[in-house]
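First the structure, in the form of structure tokens, and then the observations on it.
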């Protein structure tokens with residue numbers, strides 16, 4: 001531990017760290033504070049950057065400060081903003097997006113749940129502890145429950161802890177219509193799963209049946225999921241007709257694809273993960289959709305040849321790393337009139353937009369899909385510029 005002198009907090013980085021300057025002029029990324037405060041606490045270096053954990057407020061405490069409900073906040077690496085009101089959290093997220101995109105969002109959609117919203121979680125276990133990693137550390141913090149997780153997930157965690165697991169590894173949980181599924185990944189063993197070994201169940205969202213698994217990705221906040229999907233549907237309707245076709249890249253197990261099938265005559269999803277596509281096909285059949293109405297192509301979007309695929313509207317929902325070079329090249333070649341781009345990383349969203357100069361950001365909004373953290377979902381509609 002290295003105590004440091006006072007730091008005046010003056011700004012906010014794109015990654016969600018508060019920024020400030022110490023008495024010696026050294027710049028810091030600051031944790032658990034707010035703009036305008038003067039704080040002191042533990043100073044440390046990580047990845048050649050200076051960090052300060054705000055343990056004491058010396059001057060100008062933020063009027064938005066509240067008492068964090070979780071006893072592990074400031075120790076656990078999961079949350080960033082439990083010390084501030086949800087109103088302030090959403091202001092900060094709006095500031096981050098506005099600064100990167102040079103304009104404010106049309107609006108911010110709040111999550112109906114602020115706590116107890118996560119439908120899936122991954123915990124690390126050893127013979128001594130089960131929990132989450134400490135902030136900016138690989139050290140494990142033993143916790144009996146997570147305040148962000150659904151009650152059913154915490155019940156499953158308690159059950160796992162009571163079994164006194166041996167060895168080391170990770171355990172993933174996901175809630176379904178009929179209970180919680182779990183998958184244990186012992187350390188040093190492959191996380192790859194064969195379809196024959198896949199554990200899955202169903203999750204119903206706005207009358208759409210999805211097949212989900214702890215082995216595949218699914219959006220983590222059920223309470224805001226219908227609002228996100230309906231935004232994508234409404235923004236599609238504004239620029240397309242039911243006779244049009246839609247191409248959904250990074251489609252996963254079909255979360256967006258299945259929703260848009262209610263409007264478009266034909267929707268095609270492309271995804272590289274065979275387990276996700278297995279669940280996609282299960283969901284297609286469960287919802288009574290024909291292969292002509294909705295289908296998928298297995299293809300790695302870093303290497304797959306996209307020359308033969310097309311659609312009137314393009315939808316993309318990439319991982320945090322953003323669009324691959326292949327996908328950006330495909331977009332430049334095809335010149336889709338409109339693109340719907342949903343992302344959980346506004347930095348890569350802004351980068352990709354800058355690398356697609358033939359498009360302009362027509363509008364965007366924020367969904368606070370991950371309350372009490374600095375993460376959020378952004379949905380933007382890109383329009384091809386006229387010559």
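The values are calculated or read from the model by the stated rules, or taken from the named source; none is laboratory data. Predicted, not measured: the structure shown is a model, and the values here were computed from it. Don't worry about glycine lacking a Cβ; one is built from the backbone with ideal geometry, like all the others, and counts go over all protein chains shown.
Within the stretch 55-67, identify whether any single residue is in contact with a helix residue (DSSP H, G or I) (Cβ under 6 Å, 6 or more places away or on another chain), assigned to a loop (DSSP other than H, G, I, E, B), at pLDDT 90 or above and under 25 Å from residue 87 (Cα atoms), and answer yes or no.
Yes: the stretch 55-67 contains one or more residues that are in contact with a helix residue (DSSP H, G or I) (Cβ under 6 Å, 6 or more places away or on another chain), assigned to a loop (DSSP other than H, G, I, E, B), at pLDDT 90 or above and under 25 Å from residue 87 (Cα atoms).
If you take the residues of the stretch 24-35 that are touching a strand residue (DSSP E or B) at 6+ places or on another chain (Cβ under 8 Å) and surrounded by fewer than 15 Cβ atoms within 10 Å (Cβ to Cβ), which of them is nearest to residue 373 (Cα to Cα)?
27
Scan the stretch 361-376 and give yes if some residue there is crowded, with 20+ Cβ neighbours inside 10 Å and either more than 22 Å from the chain's Cα centre (by Cα) or assigned to a helix (DSSP H, G or I) (or both), otherwise no.
The answer is no; no qualifying residue exists.
Could you please let me know if residue 232 is assigned to a helix (DSSP H, G or I) and without any contact (Cβ under 8 Å) to a residue 40 or more places away in the chain?
no
As an exercise: evaluate residue 319 against (1) within 17 Å of the chain's Cα centre (by Cα); (2) more than 23 Å from residue 104 (Cβ to Cβ); (3) touching a residue at least 60 places away in the same chain (Cβ under 8 Å); (4) buried (at least 19 other Cβ atoms within 10 Å of the Cβ) and give the number of the one condition it does not meet.
All conditions pass for residue 319, except number (4).
In the stretch 263-278, which residue that is in contact with a strand residue (DSSP E or B) (Cβ under 7 Å, 6 or more places away or on another chain) and more than 17 Å from residue 319 (Cα to Cα) is surrounded by the most Cβ atoms within 10 Å (Cβ to Cβ)?
Taking the candidates together, the pick is 267.
If you scan the stretch 136-159, which residues turn out to be without any contact (Cβ under 8 Å) to a residue 12 or more places away in the chain and either surrounded by 16 or more Cβ atoms within 10 Å (Cβ to Cβ) or part of a helix (DSSP H, G or I) (or both)?
Answer for the stretch 136-159, where residues must be without any contact (Cβ under 8 Å) to a residue 12 or more places away in the chain and either surrounded by 16 or more Cβ atoms within 10 Å (Cβ to Cβ) or part of a helix (DSSP H, G or I) (or both): 154, 159.
I'm checking my understanding of the structure. Among residues of the stretch 36-52 that are free of Cβ contacts under 8 Å to residues at least 24 places away in the same chain and touching a strand residue (DSSP E or B) at 6+ places or on another chain (Cβ under 9 Å), which one is nearest to residue 143 (Cα to Cα)?
That would be 45.
Here is a yes/no grid of residues against (1) assigned by TED's automatic domain parsing to the domain that holds residue 334; (2) at pLDDT below 95; (3) not in a strand (DSSP E or B):
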{"site": "164", "(1), (2), (3)": "no, yes, yes"}
{"site": "170", "(1), (2), (3)": "no, no, no"}
{"site": "182", "(1), (2), (3)": "no, no, no"}
{"site": "188", "(1), (2), (3)": "no, yes, yes"}
{"site": "196", "(1), (2), (3)": "no, yes, yes"}
{"site": "204", "(1), (2), (3)": "no, no, no"}
{"site": "228", "(1), (2), (3)": "yes, no, yes"}
{"site": "251", "(1), (2), (3)": "yes, no, yes"}
{"site": "263", "(1), (2), (3)": "yes, no, yes"}
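Kindly indicate whether residue 60 is surrounded by fewer than 21 Cβ atoms within 10 Å (Cβ to Cβ) and at positive phi.
Considered against the rule, which asks whether it is surrounded by fewer than 21 Cβ atoms within 10 Å (Cβ to Cβ) and at positive phi, residue 60 comes out as yes.
Of the conditions (1) in a loop (DSSP other than H, G, I, E, B); (2) surrounded by fewer than 19 Cβ atoms within 10 Å (Cβ to Cβ); (3) touching a strand residue (DSSP E or B) at 6+ places or on another chain (Cβ under 9 Å), residue 281 satisfies every one except a single condition; which number is it?
Result: residue 281 passes all but (1).
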